[in-house]
Ligand code: LRH
Ligand code: MN
Ligand code: MN
């Protein structure tokens, strides 16, 4: 069944309000632990990363914020960086701390048995809060690489106690308008036991911290087969879904383009979002990308990811909620599933093309960017681009 004109109009106005945040590290050279591939024209500093991110916003109209990763995006003057962002028509989004590239953190950072190492890791976040003040960012994002490789290596329970204490110190350093958003991941770099392996652990720490602590769900951070939309629904019920790190995975934390591996999963996630009213700009859910890979050109890779999020969102908005609820209430299993699949199988590309034209954008962001000549310009002008961070 095709959607009614009213349903299309409602979807269009919701889509017009959607925003997606880009990661600065998507624009630098990156790769795997085997090899970082260099690409011509990649940014040489955070200012150029913002310039590239602004291109994604220019052609999609929905990506006005850029997350920074500290110290990958270290600059002398964050006020100047924020002004530069503003001049480019974007703003600084979440500030990501980095606890995974310092020798002192080999056995842990916020959970380390040595109080001096924990204090150093806490202090790093205090510096990140200064960056937030200078840039106007409101989200401090933490991902904890801490964990154990071997049973008995440290006390699992004592590490949770140390983590709770360290997080409290960080939370206390925030300003009232700041949030702490806490990411989880079930493995890597630790292989036996990870200190924040799952949404439950992240949520428990957030609940202990206070109302401005929220969970971050990175779609690549779960065991294969995990029902991610269930987690989304549960966190939304408790008002604790702070943000997504969207990307795709086939095997591990692959960080591939969003919606490339499993567009149906992305649709199911966005269905939960739409059903809970969490798409609204004031819902508190920050739709971020954490997509960063090594073989595709960076800016078009981000444009594709943004468009894939928009397509999944559009399909979720086209679910006939009244028909779905009626089918669910009457126990019509096939009917309910059919309503959902009808929406998923709708070609929403014309709807999104119309929306772009209405907003004064090109209907085809990939084509418009390719024709703009920006790639040729940066390839000619930039020599010696930086790495995204890994292996730097
Ligand atoms: C960890 C992670 C986290 C980091 C990013 C670079 O795997 O998802 O969000 O900050 O990768
Ligand atoms: Mn992530
Ligand atoms: Mn990750």
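The values are calculated or read from the model by the stated rules, or taken from the named source; none is laboratory data. Not measured: the values here are computed from a predicted model. Counting neighbours? That spans all protein chains shown, and the Cβs are built from the backbone with ideal geometry, glycine included.
Before moving on, here are some points about what is shown:
- Test set (1) within 12 Å of the chain's Cα centre (by Cα); (2) in contact (Cβ under 8 Å) with a residue 60 or more places away in the chain; (3) within 16 Å of ligand 3 (Cβ to nearest atom) - residue 253 fails condition number: (1)
- Residue pairs whose Cβ atoms lie under 7 Å apart, sitting 6 or more positions apart in sequence or on different chains, and linking a residue in region 173-190 that is over 11 Å from residue 212 (Cβ atoms) and more than 14 Å from ligand 1 (Cβ to nearest atom) to a partner that is at pLDDT 95 or above and not in a loop (DSSP other than H, G, I, E, B), are 173/125; 173/126; 173/129.
- Here residue 152 meets each of (1) within 23 Å of residue 228 (Cα to Cα); (2) in a loop (DSSP other than H, G, I, E, B) with one exception, condition (1).
- Considering region 229-266, the residues that are out of contact with any strand residue (DSSP E or B) (no Cβ under 7 Å at 6 or more places or on another chain) and surrounded by 22 or more Cβ atoms within 10 Å (Cβ to Cβ) include one that is nearest to residue 309 (Cα to Cα), namely 266.
- Residues located in region 252-271, provided they are over 24 Å from residue 14 (Cβ atoms) and within 15 Å of ligand 1 (Cβ to nearest atom): 252, 253, 254, 255, 256
- Those residues of region 83-104 which are away from ligand 3 (no atom under 16 Å from the Cβ) and more than 22 Å from residue 242 (Cβ to Cβ), in sequence order: 83, 84, 86, 87, 88, 89, 102, 103, 104
- Residue count, region 242-264 (criterion: assigned to a helix (DSSP H, G or I) and within 14 Å of residue 217 (Cα to Cα)): 0
- Listing of strands (runs of 3 or more DSSP E) fully contained in region 17-108 that carry 3 or more residues being out of contact with any helix residue (DSSP H, G or I) (no Cβ under 7 Å at 6 or more places or on another chain), at negative phi and away from ligand 2 (no atom under 16 Å from the Cβ): none
- Condition check for residue 239: away from ligand 3 (no atom under 13 Å from the Cβ), touching a helix residue (DSSP H, G or I) at 6+ places or on another chain (Cβ under 7 Å) and part of a loop (DSSP other than H, G, I, E, B): no
- Pairs, first within 22 Å of residue 124 (Cα to Cα) and modelled with pLDDT of 95 or more in region 142-160, second within 16 Å of ligand 1 (Cβ to nearest atom) and assigned to a strand (DSSP E or B), C-beta under 6 Å, six or more apart: 142/182; 143/183; 147/194
- Residue, farthest from ligand 3 (Cβ to nearest atom), within region 177-204, restricted to residues that are surrounded by fewer than 24 Cβ atoms within 10 Å (Cβ to Cβ) and in a helix (DSSP H, G or I): 204
- Qualifying residue in region 304-326 (condition: surrounded by fewer than 24 Cβ atoms within 10 Å (Cβ to Cβ), without any contact (Cβ under 8 Å) to a residue 40 or more places away in the chain and touching a helix residue (DSSP H, G or I) at 6+ places or on another chain (Cβ under 7 Å)): yes
- In region 200-213, residue nearest to ligand 1 (Cβ to nearest atom) [restricted to those that are in contact with a strand residue (DSSP E or B) (Cβ under 6 Å, 6 or more places away or on another chain) and free of Cβ contacts under 8 Å to residues at least 40 places away in the same chain]: 202
- A Cβ distance below 8 Å, combined with a sequence gap of six or more or placement on separate chains, defines the contacts here; from region 18-40, residues that are over 30 Å from residue 280 (Cα atoms) reach residues that are modelled with pLDDT of 90 or more and within 16 Å of ligand 2 (Cβ to nearest atom) in the pairs 28/72.
- Neighbours by Cβ (under 7 Å, 6+ apart or cross-chain): first from region 214-235, over 15 Å from residue 267 (Cβ atoms) and in contact (Cβ under 8 Å) with a residue 40 or more places away in the chain; second more than 9 Å from ligand 2 (Cβ to nearest atom) and assigned to a helix (DSSP H, G or I): 214/206
- Hey, residue 329 over 15 Å from residue 275 (Cα atoms) and within 16 Å of ligand 3 (Cβ to nearest atom) or not: no
- Single residue of region 279-291 satisfying the filter (closer than 14 Å to residue 309 by Cβ and in a loop (DSSP other than H, G, I, E, B)) that is nearest to ligand 3 (Cβ to nearest atom): 290
- Considering (1) away from ligand 2 (no atom under 16 Å from the Cβ); (2) under 20 Å from residue 343 (Cβ atoms), the lone condition that residue 225 does not fulfil carries the number (2).
- Restricting region 205-219 to residues that are assigned to a strand (DSSP E or B), within 15 Å of ligand 3 (Cβ to nearest atom) and touching a helix residue (DSSP H, G or I) at 6+ places or on another chain (Cβ under 7 Å), the residue that is nearest to residue 136 (Cα to Cα): 215
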